[in-house]
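The values are calculated or read from the model by the stated rules, or taken from the named source; none is laboratory data. Quantities reported herein were computed from a predicted structural model and do not represent experimental measurements. For neighbour counting, all protein chains shown are included, and Cβ atoms are generated from backbone atoms with ideal geometry for every residue, glycine included.
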Amino acid sequence: MDGVSLAVGAGEFVTLLGASGCGKTTLLRIAAGFTAPDGGRVAIDGADATAAAPAARGMGFVFQSYALFPTKTAAENIGFALRVAGRPRAESAARVREVAAMVAILPLLDRYPHELSGGQQQRVALARAIAPAPRMLLLDEPLAALDARIRHRLRDEIRALTDRLGMTALYVTHDQEEALAISDRVVVMRDGRIEQEAAPADLYLRPASRFVAEFVGQATLLEAEIVQGVPQALGIAWPLAAARADGPCLMVLRPEELAADPDGPLRGIVESARFLGAMLRVGLVLPCGTRIAADLPARHLRPAPGEALALRPIAAPALVPR
Amino acid sequence: MNWRRRLPGWLLAALVALPVLLFIFWPIAAVLGRGFVVTGPMPEWRLHEATQQALALLPEVRREAALARWSVPRNPQEEVEALATAFRLAGVTPPWDLAAPFEAQREAAAGARAALPAAARARLEAALPLAAVMRHRRVALAFQVRDQLSPEAFEALRTGEEWRIGLDHYRAPFDDPHLRRAALNSLGFALFACLVTTPIAFALAFAVHRGGVRWPGLLRAVTLLPLVAPPVLVASAIIMLFGRRGLVTDALLEKGLGLIDADETNIYGIAGVLLAQVLSFVPAAFIVLDNTLRRQDGRVEEAAGILGASRAQTFREVTLPLAVPGLKRAVVLVFILSLTDFGNPLLLAGRDVPVIAAVIYDEMTAFRNTGLASALCVLLLAPGLALHLALERIGRRKRYDTGAGAGTAPEAALPRAWRGGLGALALLVAGAILAVYATVVAGAFTVEWGVAWRPTFAHFAAAGTGYGSSERGVAVVWDTLWVAALAAPLGGTLGVALAFVIERIRPPGREVLAFLALLPAVLPGLIFGIGYILAFNLPFGLESLALTGTGAVLVLNILFGNMFVAVLAARASLQRMDPAIEEAAEGLGAGLLRRLAEVTLPLLRGALLLGTLYVFVDGMTTLSSVIFLVSGDHKLASVAIFNHAGSGDFGQAAAKSVVILAWAGVAMAGIWWLEQRGGRRLAGLR
């Protein structure tokens, strides 16, 4: 962790995105108070909380491994914080049912964790974290252990839940698609530093570095040069997104920024064609040997490998420093 | 299924199963059976029956003549005894004092005989000749009909003793006051040991896994040290420190500081046994609880913490309930270890505080009463089993799966007071263990502990002189080394082969095989030792096959008693390993032996090494199963140490212990080196 500074505004949903070992979980655990930082400070609502115990910070935490109490039922898990705080039994029972309803596990309250599926366990873990009405929810790769369909559904539910409760959330994931889909703001981390911090669309369309461009979304990176304000790559001039000083740079060519056009300037031989449903991902080898990828609507034309194909840029690719 | 393809596998299975049946199942079954066999005087009705049957074998003429001759009593004693028996056979209790002088009895009996009513009198007169023969002339009768009787029936008639199936031995602890006292003592020690040892071991494991001590690795190493300990190490050290000539009691407190009179102190007795047992069994309980806490997901405790639970609440609500299955296992383990421990009670309490395990030892070594010893061994299993079943019924039976986060400890430091308490306890236990080892090492180099404190190497002389000289000197350790070195690779190999058969060849009854291989681990060593005597003293009634008294019986006992480690380790490796690897080799044309040699065995190398090491170390240090199997020509160092310690010869005991420890260290270092060499190739499997 090196010189990281991060502020999360009230009601904001912020995601820490990065490969494993980049420090995103450590940052989250420092925020929760599980890990004591070697230096720096943690402030909540402007008050220093660096030395505060985890429970004193008013945060809810959802673990990747769920960390449910295996010896307690779902209801006992969810009601744990209320019981420890000495709330009246009737009040906490009502609250347990309230949050259980929010995450749709009302019929499962009497089950033990090992009697629940992974997705159900994570719902219980979520309910347990929000039951004491924390100011902020911290989620450490909560969906990593689930299969793809449940992951997508639960991801949308988590976001809907924080919106409904107006809860601030700090979310850790290594899945860039998940980060883009769920967040107000994504913080890309690398080797203990923050690489870029931006709204999902900005991150995708205007990556600040080669690392972010490669990490977020699909892209072909091309060596480019800006000559008199116009990006030149692969021997043609490209549309310009934002003005930039002349000089060498890298072009981040997304597959959807190309379209088939018999008169297109980028001519080559189809090397591969993968049918993805809505799209056909085409790998094209240009005469200069460069390979580029393009997503073409699969309904109209399906070039086979070995055929000639011409493409044309239809949007301005992002440019990052070399 | 192609039988040619399966045949080599079945052959291997048979080859492995046979020794398991012969050297594990048979001895244990022999112990189970032997406890029901009662030898002793026949009851009167059986004697009557046998005499009558033998008489019937005589031709009628000779029978009449013999009865007439034999029914004349030779002296008053015979007359009275025959009359008393005839009274009982006639259904009348002899109405005179059977303890009175025979002359007086004779007159009383005559009176009683005359006073009987007519019917009873007739029955008495009819029974009298037979009563006389069965009481006093059975030997003569036996020889007259010897040719018509089986050897057993002849012996039974001659001696008036027979064997039968009965529960006498099993009832003994309930009937005999001495055994009853021993049983209660055993249960008392066992309860105390498990109630004190388990919490200590749990606190140590908690300290290791939750940052209660500064050097958790060191604490774990020291706590586990006594697993590699020669027998009665702890008891010896306790006597050497706190006995009447002890370093602390005599040399320091009495002679040094003048505080006490060491002759007045008494470590012998209940307190000494309790101390020795707790210290001896902490490592075993620690292993169980160390594993339990290692598997716990520390994130669960963090979850409790962020939800507002205090450290104490987290401990009570999360850590402890999760550890309950492990705690139950540790309690049962220590309970059984204490019940079957005879070394500590014999050394520290002697016969004043009898315990069942020590009674078994005495019944075997002093009285050769194998029947009672076998029954007591079996009975010794009952309380442990009962405790296990009782604990299983309490609470839910589930072994909790704490999921993906297993093995991560929470980062937050424990409260200062907790760390202080755990640190003090760790210091106390680790200090005690280190003191035990230091004392024994010091004793090995001391002329005579408690009397002459000069340093010496004399105890390391190869051969000894004086009392018990055949066991004195460290030469007996070399014999032990040979036995262990022979048993170790055989046990390791057989264990791995058995695991392979169970996991890959999968013959019917494989679960039974696996269970049998584990039995010696669960059963007290005493049973396994007695079983070897019963099974191999006269195998199949053939003296030429007798194994007792040979060195081979020691090798076999150690081999099969400790083979289970190799089996468990190899099964675990095989279960982790994809069977498709072997199928691939088979698909490429490799036969069973080639597959084993080139594909499977290299992957089981770790299990083989671990299994071999375990057999070796346990073979060097084990006492309970081999103590009945040593003989004049074939001694073991562990038994010698036990005998030395029993006779107060701590120099000899300590010297042998030190040599054994050194060899165990060498073996472990050697195995470690071998593992390192094969490390890179197998790194992917860890």
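Filtering the stretch A:277-304 down to residues that are out of contact with any Pro (no Cβ under 8 Å at 6 or more places or on another chain) and among the basic types (Lys, Arg), which residue is surrounded by the fewest Cβ atoms within 10 Å (Cβ to Cβ)?
Residue satisfying both the conditions and the ranking: A:ARG299.
Name the single residue that is nearest to B:ALA435 (Cα to Cα) among those in the stretch B:276-317 being crowded, with 21+ Cβ neighbours inside 10 Å, in contact with a Ser or Thr (Cβ under 8 Å, 6 or more places away or on another chain) and within 13 Å of chain A (Cβ to nearest Cβ).
Once the filter is applied, the top-ranked residue is B:GLN296.
Against the definition (free of Cβ contacts under 8 Å to residues at least 24 places away in the same chain and at negative phi), how does B:VAL318 come out, yes or no?
Yes: the conditions hold for B:VAL318.
Considering only the stretch A:25-44, state which residues are out of contact with any Ser or Thr (no Cβ under 8 Å at 6 or more places or on another chain) and under 27 Å from A:ARG155 (Cα atoms).
Within the stretch A:25-44, A:THR25, A:LEU27, A:LEU28, A:ILE30, A:ALA31, A:ALA32, A:GLY33, A:PHE34, A:ILE44 qualify.
What's the number of the only condition in (1) within 18 Å of the chain's Cα centre (by Cα); (2) away from every other protein chain (no Cβ under 14 Å); (3) hydrophobic (A, V, I, L, M, F, W, C) that A:LEU137 fails to meet?
Failed condition: (2).
Sort out which residues of the stretch B:229-261 are farther than 21 Å from B:LEU279 by Cα and surrounded by 21 or more Cβ atoms within 10 Å (Cβ to Cβ), and write them in order of number.
Answer for the stretch B:229-261, where residues must be farther than 21 Å from B:LEU279 by Cα and surrounded by 21 or more Cβ atoms within 10 Å (Cβ to Cβ): just B:ASP250.
Going by the structure shown, is B:LEU307 in contact with a helix residue (DSSP H, G or I) (Cβ under 6 Å, 6 or more places away or on another chain) and under 30 Å from A:ALA81 (Cβ atoms)?
When the stated conditions are applied, B:LEU307 passes them.
Does A:ARG193 qualify as being at pLDDT below 95, farther than 17 Å from A:LEU6 by Cβ and away from every other protein chain (no Cβ under 13 Å)?
In short, no.
For the stretch B:550-589, give me the residue count where each residue is in a loop (DSSP other than H, G, I, E, B) and farther than 17 Å from B:ALA484 by Cα.
Going through the stretch B:550-589, the residues in a loop (DSSP other than H, G, I, E, B) turn out to be B:550, B:563, B:577-578, B:588-589.
Still in the list and also farther than 17 Å from B:ALA484 by Cα: B:577-578, B:588-589.
Summing the residues that are in a loop (DSSP other than H, G, I, E, B) and farther than 17 Å from B:ALA484 by Cα in the stretch B:550-589 gives 4.
Tell me yes or no: at least one residue of the stretch A:260-267 is more than 25 Å from A:GLN64 (Cβ to Cβ) and touching a helix residue (DSSP H, G or I) at 6+ places or on another chain (Cβ under 8 Å). Before the answer, list the steps.
Of the stretch A:260-267, the ones more than 25 Å from A:GLN64 (Cβ to Cβ) are A:260-267.
Now drop any that are not touching a helix residue (DSSP H, G or I) at 6+ places or on another chain (Cβ under 8 Å), which leaves none.
Scanning the stretch A:260-267, I find no residue that is more than 25 Å from A:GLN64 (Cβ to Cβ) and touching a helix residue (DSSP H, G or I) at 6+ places or on another chain (Cβ under 8 Å), so the answer is no.
Quick check on my filter: what residues within the stretch A:70-88 are surrounded by 20 or more Cβ atoms within 10 Å (Cβ to Cβ) and modelled with pLDDT of 90 or more? Before the answer, list the steps.
Our first condition is that a residue be surrounded by 20 or more Cβ atoms within 10 Å (Cβ to Cβ); within the stretch A:70-88, this holds for A:70-71, A:74-75, A:77-82.
Scanning the stretch A:70-88 gives A:ALA74, A:ALA75, A:ASN77, A:ILE78, A:GLY79, A:PHE80, A:ALA81, A:LEU82.
Is the stretch B:96-107 home to any residue that is touching a Pro at 6+ places or on another chain (Cβ under 8 Å) and either outside any helix (DSSP H, G or I) or of a type in the set (Lys, Arg) (or both)?
yes
Listed here are the residues, each with its yes/no results for (1) at pLDDT below 90; (2) more than 16 Å from the chain's Cα centre (by Cα).
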{"position": "B:VAL483", "(1), (2)": "no, yes"}
{"position": "B:ALA487", "(1), (2)": "no, yes"}
{"position": "B:GLY492", "(1), (2)": "no, yes"}
{"position": "B:VAL496", "(1), (2)": "no, yes"}
{"position": "B:VAL501", "(1), (2)": "no, yes"}
{"position": "B:ILE505", "(1), (2)": "yes, yes"}
{"position": "B:LEU519", "(1), (2)": "yes, no"}
{"position": "B:PRO524", "(1), (2)": "yes, no"}
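Does A:ARG89 satisfy being closer than 20 Å to B:ALA309 by Cβ, within 12 Å of chain B (Cβ to nearest Cβ) and not hydrophobic (A, V, I, L, M, F, W, C)?
Answer is no for this residue.
Test each condition in (1) touching a helix residue (DSSP H, G or I) at 6+ places or on another chain (Cβ under 8 Å); (2) over 14 Å from A:ILE130 (Cβ atoms); (3) of a type outside the set (D, E, K, R) for A:HIS114 and report the one that comes out false.
Unmet for A:HIS114, out of (1) touching a helix residue (DSSP H, G or I) at 6+ places or on another chain (Cβ under 8 Å); (2) over 14 Å from A:ILE130 (Cβ atoms); (3) of a type outside the set (D, E, K, R): (1).
Rundown of residues vs (1) crowded, with 22+ Cβ neighbours inside 10 Å; (2) within 27 Å of B:LEU339 (Cα to Cα); (3) in contact with a strand residue (DSSP E or B) (Cβ under 9 Å, 6 or more places away or on another chain); (4) not assigned by TED's automatic domain parsing to the domain that holds B:GLY525, yes/no style:
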site	(1), (2), (3), (4)
B:ALA585	no, no, no, no
B:THR612	yes, no, no, no
B:VAL617	yes, yes, no, no
B:ILE627	yes, yes, no, no
B:HIS634	no, no, no, no
B:HIS644	yes, yes, no, no
B:LYS656	yes, yes, no, no
B:ILE660	yes, yes, no, no
B:LEU674	no, no, no, no
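With the condition kept exactly as written, say whether any residue in the stretch B:330-353 is away from chain A (no Cβ under 14 Å) and at positive phi.
yes
Of the residues A:LEU116, A:LEU17, A:LEU82, A:LEU6, only one is farther than 18 Å from A:LEU170 by Cα and more than 11 Å from every other protein chain (Cβ to nearest Cβ); which? Step through it out loud before you land on a result.
Details: A:LEU17 fails: farther than 18 Å from A:LEU170 by Cα; A:LEU82 fails: more than 11 Å from every other protein chain (Cβ to nearest Cβ); A:LEU6 fails: farther than 18 Å from A:LEU170 by Cα.
Result of the check over A:LEU116, A:LEU17, A:LEU82, A:LEU6: A:LEU116.
Count, please, the residues in the stretch A:140-158 that happen to be charged (D, E, K, R), assigned to a helix (DSSP H, G or I) and either surrounded by fewer than 16 Cβ atoms within 10 Å (Cβ to Cβ) or more than 12 Å from the chain's Cα centre (by Cα) (or both).
Taking the stretch A:140-158 and keeping what is charged (D, E, K, R), we get A:140-141, A:147, A:149, A:151, A:153, A:155-157.
Next, from what is left, pick out any that are assigned to a helix (DSSP H, G or I): A:149, A:151, A:153, A:155-157.
From what is left, the residues that are either surrounded by fewer than 16 Cβ atoms within 10 Å (Cβ to Cβ) or more than 12 Å from the chain's Cα centre (by Cα) (or both) are A:149, A:151, A:153, A:156-157.
Adding up the residues that qualify gives 5.
Between B:SER624, B:SER657, which is at pLDDT 90 or above and among the polar types (S, T, N, Q)?
Values: B:SER624 fails: at pLDDT 90 or above.
The conditions single out B:SER657.
Could you list all residues from the stretch B:231-251 that are within 16 Å of B:THR446 (Cα to Cα) and of a type in the set (A, V, I, L, M, F, W, C)?
Correct list: B:ALA237, B:ILE239, B:MET240, B:LEU241, B:LEU247, B:VAL248, B:ALA251.
Here are A:PHE61, A:PHE34, A:PHE69: which of them is assigned to a loop (DSSP other than H, G, I, E, B), within 14 Å of another protein chain (Cβ to nearest Cβ) and either of a type in the set (Ser, Thr, Tyr) or under 24 Å from the mean Cα position of the chain (by Cα) (or both)? Talk me through it step by step, then tell me what you get.
Working: A:PHE61 fails: assigned to a loop (DSSP other than H, G, I, E, B); A:PHE69 fails: either of a type in the set (Ser, Thr, Tyr) or under 24 Å from the mean Cα position of the chain (by Cα) (or both).
Unique residue meeting the criteria: A:PHE34.
Kindly state which helices (runs of 4 or more DSSP H) lie completely within the stretch B:260-364 and contain at least 3 residues that are among the aliphatic types (A, V, I, L, M).
By residue number, B:270-295, B:298-306, B:320-339, B:343-348.
Restricted to the stretch A:44-58, and to residues that are among the small types (Gly, Ala, Ser) and within 14 Å of chain B (Cβ to nearest Cβ), which residue is nearest to A:MET136 (Cα to Cα)?
Taking the stretch A:44-58 first, the residues among the small types (Gly, Ala, Ser) are A:46-47, A:49, A:51-53, A:55-56, A:58.
From what is left, the residues that are within 14 Å of chain B (Cβ to nearest Cβ) are A:49, A:51-53, A:55-56, A:58.
Working: A:ALA49: 14, A:ALA51: 18, A:ALA52: 15, A:ALA53: 15, A:ALA55: 12, A:ALA56: 12, A:GLY58: 7 Å.
Per the stated criteria, the residue is A:GLY58.
If you check every pair at least six apart or on different chains, which have Cβ atoms under 7 Å apart with a residue in the stretch A:275-299 that is within 12 Å of A:THR220 (Cβ to Cβ) first and a residue that is at pLDDT 90 or above and assigned to a loop (DSSP other than H, G, I, E, B) second?
Hits for this filter: A:ILE292/A:LEU286.
Given B:ARG62, B:ARG46, B:ARG121, B:ARG88, which one is touching a strand residue (DSSP E or B) at 6+ places or on another chain (Cβ under 9 Å) and either loosely packed, with under 13 Cβ neighbours inside 10 Å or part of a helix (DSSP H, G or I) (or both)?
Exactly one of B:ARG62, B:ARG46, B:ARG121, B:ARG88 is touching a strand residue (DSSP E or B) at 6+ places or on another chain (Cβ under 9 Å) and either loosely packed, with under 13 Cβ neighbours inside 10 Å or part of a helix (DSSP H, G or I) (or both), namely B:ARG46.
Report whether or not A:ARG97 is more than 14 Å from chain B (Cβ to nearest Cβ) and in a helix (DSSP H, G or I).
Spelling it out, A:ARG97 is indeed more than 14 Å from chain B (Cβ to nearest Cβ) and in a helix (DSSP H, G or I).
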